[in-house]
1. Return yes when ALA52 is over 26 Å from ARG4 (Cα atoms), modelled with pLDDT of 90 or more and assigned to a helix (DSSP H, G or I) and no when it is not.
2. Find the residue count for region 25-49, including only residues that are under 27 Å from LYS68 (Cα atoms), part of a helix (DSSP H, G or I) and of a type outside the set (A, V, I, L, M, F, W, C).
3. If a residue has to be touching a strand residue (DSSP E or B) at 6+ places or on another chain (Cβ under 9 Å), surrounded by fewer than 17 Cβ atoms within 10 Å (Cβ to Cβ) and part of a helix (DSSP H, G or I) to count, how many in region 12-24 make the cut?
4. Please verify whether ARG3 is among the basic types (Lys, Arg), surrounded by fewer than 17 Cβ atoms within 10 Å (Cβ to Cβ), over 16 Å from the mean Cα position of the chain (by Cα) and at pLDDT below 95, treating the condition exactly as stated.
5. Going through region 28-42 one residue at a time, which ones are at negative phi and surrounded by 14 or more Cβ atoms within 10 Å (Cβ to Cβ)?
Amino acid sequence: MLRRFTTLVLAEQSNTRLLPNCLSAITAGSLVPGGLHILVAGHQVQQAASHAASIKGVNKVLHCEAEKLGRASGGNDEGSGGEMGI
């Protein structure tokens with residue numbers, strides 16, 4: 001029995017478009033049998049989500065819009081504990 005899994009790509013974006021390394025990940029994900037979903041999360045990222053939806057082979061775009069996602073950092077800022085608090 002062949003089981004097909006969905007590939008999820010977490011989109012790196014600049015609010016208006018997906019970045020080149022993300023597009024490379026999408027290309028790689030499209031080569032895996034099964035569905036290809038893209039998660040676009042941030043603040044004011046509707047254009048990036050639309051860009052993701054326009055890419056051939058993408059089955060679903062998950063769009064998470066929140067102001068605090070636009071302020072998230074990878075560092076351990078005071079009071080954040082390094083987590084985005086989603």
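1. No, not satisfied.
2. Pass one, region 25-49, residues under 27 Å from LYS68 (Cα atoms): 25-26, 36-49.
Checking the rest, the ones that are also part of a helix (DSSP H, G or I) come to 25-26, 46-49.
Narrowing further to those that are of a type outside the set (A, V, I, L, M, F, W, C): 46-47.
So the count comes out to 2.
3. Residues in region 12-24 being touching a strand residue (DSSP E or B) at 6+ places or on another chain (Cβ under 9 Å), surrounded by fewer than 17 Cβ atoms within 10 Å (Cβ to Cβ) and part of a helix (DSSP H, G or I): 0 in total.
4. When the stated conditions are applied, ARG3 passes them.
5. Once the filter is applied, which keeps residues that are at negative phi and surrounded by 14 or more Cβ atoms within 10 Å (Cβ to Cβ), region 28-42 yields GLY29, SER30, GLY35, LEU36, HIS37, ILE38, LEU39, VAL40, ALA41.
The values are calculated or read from the model by the stated rules, or taken from the named source; none is laboratory data. Because the structure is a prediction, the values reported are computed rather than measured. We place every Cβ from the backbone using ideal geometry, glycine too, and count neighbours over all the protein chains shown.
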